Amino acid sequence: MTQRFARPDDLVHLATRVADRGAQAQEGLRLLHGAVDLLPFAERDETLQTYRFRLGEVPGDLQALAENAAGPMGEVHADLIKAHEMLQDVLAGEIQWQNSFEAEDWLPVLGQQQTRSAGVLAMLRQFAGLEGHAGVYARWANRSEQDVELVSAPIEPGHLLREHLWDRCFAAVCTSATLTALGRFDRFFERTGLQGVSGLRIPSPFDYPHIATFRVPDMASDPSDFQAHSQEVAELLPMMLTPEPSGLVLFTSWRQLHEVLRQLPDEFAGKLQVQGEGSKQALLETHRAAVDAGEASYLVGLASFAEGVDLPDDYCRHVVIVKLPFAVPDDPVDQAMAEWAESQGRNPFYEISVPDAALRLVQACGRLIRHEADHGRITLLDRRILTKRYGRALLESLPPYRMQLGVPKSDLNSAGPNPTDGAPGAEVEIASKGRAQA
């Protein structure tokens, strides 16, 4: 870059200093990399290994190495800021360099390097224990064939929200259809750092018992048996969805999604719009176009399709939830959260995992009914909601759908009743105490 501007003295001096300090930072990172590489990593999947620091606490030797690398990296970052400011002054005419017009081309390049150095510096300072942030953090290292990556993430964002939002605003109203979990605001208040506030649940205007059915088939397999459950899901999906003009199938893992897809008949698989085979927006557009043309179409995806997706009327008449949406067991943040809860004498499963699963389940079910006149059905292919102690709490957290529990699989191949046709629907087998929240 210095040659482009005819090697001005101030820029040459700055570039030389960045090169020297960059070499020092690189050596510090090399030493840190070597120490991290010796940690007892555990296999996370076929391409990734993970080592998690208990309660986010980094050993003293790694802290020292991170601090050693943070010093020169901080100087590199400061010099990149100065270089960026120089280019801005050149563009403003406050500094005269040859070929000054080229400063505009170099600004985004330096900006990108500045952002990257800021991220590396923040991570090093986090692992060196130099940041002093409030709250509890999960910290872990990922190792692939070529790279070692350090990660630091807050277990709960509440302390950040208090610092940057709640302590600065005069008043706030938080509204959503999914603020409560298991009928209470406790989990929301804990996660968002709210204290001494009130919550109000407002009944939904939707006539859920008349317009929506929640079914749990009489499943032979348990989700803990991956192969048997995947095979049974693959057998049931064509039977359940073919009578419907549209549907949304929600998985909790890529592994099971791909295993089920592998077992589906080609004729049925050709009607699927699968996450990963195009952008989310492109899949939604293809799906809507197919339904508009009178063709059957079924969206298939993971958690990102369980929220923020608006598919009213014939765009979604059937939501199929393959498994209860518990957190992935090998997620480092969730593991650290459970560890932190246990250190406080709490029960992480019933105080964190179950409420979070209840909220995700309500969100997934919420893809079905988008307005007062909408209608359809929800099918959960997970018998644990009927057999486990927490199942009753999950059922009662749902809106008051018409419940059909333990449905024989032979009864799954018919389309759901259309309330506008006066169809009475099936008899309610269990009453849910849940209602929409705001």
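What nm value, rounded to one decimal, do you get for the distance between Asp225 and Glu145 when each label is placed 7 Å out toward the C-beta?
Taking the two extended label points, one gets 3.6 nm.
If you count the DSSP beta bridges with both ends in the chain, what percent of them are antiparallel, to the nearest 5? Each step should come with its number before you reach the end.
Numbers: 15 of 39 bridges.
Counting only bridges with both partners in the chain, antiparallel ones make up about 40 percent.
For Thr16, Thr213, which order do you get if you count the other beta carbons within 10 Å of each Cβ and list the fewest first?
Thr16, Thr213
Determine which residues of segment 198-239 fall in the zone a paramagnetic label at Lys409 would reach in this model, i.e. backbone nitrogen under 20 Å from the point 7 Å along Cα→Cβ.
Within reach of a label on Lys409: 215-239.
Hey, what angle do you get for helix 254-263 against the long axis of the chain, alpha-carbon based, 0 to 90 degrees rounded to 10?
Tilt relative to the chain: about 50 degrees.
Using helices alone, what [θ] at 222 nm do you get for the chain, with -39,500 (n - 2.57) per DSSP H run of 4 or more residues, divided over all residues and rounded to the nearest 500? Could the numbers behind the result be given before it?
Working: 14 runs with 178 residues, N = 438.
It lands at -13000 deg cm²/dmol.
For the chain, modelled as a GNM with alpha-carbon contacts under 10 angstrom, which of Gly196, Gly22, Gly56 fluctuates the most?
Maximum among the listed residues: Gly196.
Quickly rank 342-351, 377-386 as a protection proxy: mean count of other C-beta atoms within 10 Å, highest first. Each step should come with its number before you reach the end.
Values: 342-351: 12.5, 377-386: 22.5.
Descending packing order for the listed peptides: 377-386, 342-351.
Could you check the spin-label model distance between Thr115 and Asn347? Points 7 Å from the Cα along Cα→Cβ, value in nm.
That separation, rounded to one decimal, is 4.6 nm.
How far apart, in nm, are the 7 Å Cα→Cβ label points at Lys280 and His13?
5.0
If you line up the long axis of helix 9-36 against the longest principal axis of the chain, both from Cα atoms, how many degrees apart are they, to the nearest 10?
With rounding to tens, the tilt is 50 degrees.
How high is the relative contact order of the chain, in percent, counting Cα pairs under 8 Å that sit 6 or more residues apart? Show your work: numbers first, answer last.
Values: 691 pairs, mean separation 79.5, N = 438.
Dividing the mean separation by the residue count of the chain yields 18 percent.
Putting +1 on Lys and Arg Cβ atoms and -1 on Asp and Glu Cβ atoms, find which of Gln363, Pro325, Gly294 reaches farthest to the positive end of the dipole of segment 252-382.
Value computed over the given set: Gly294.
Would you mind checking the tilt of helix 280-292 against the longest principal axis of the Cα atoms of the chain, expressed as 0 to 90 degrees and rounded to 10?
Helix 280-292 sits at roughly 30 degrees to that axis.
Using the Cα centre as the reference, give the magnitude of the dipole from point charges on the C-beta atoms of segment 199-311 (Lys, Arg: +1; Asp, Glu: -1; all else neutral), rounded to the nearest 20 debye.
300
Give the label of the value calculated from the structure for Rg/Rh (Cα atoms, Kirkwood Rh), choosing from (1) 0.99; (2) 0.97; (3) 1.06.
(3)
A short reminder: the numbers here are calculations on the coordinates, not readings from a lab. Every value quoted in this text rests on a predicted model; they were computed, and no experiment measured them. Here Cβ is always computed from backbone atoms with ideal geometry, including for glycine, and neighbour counts include all displayed protein chains.
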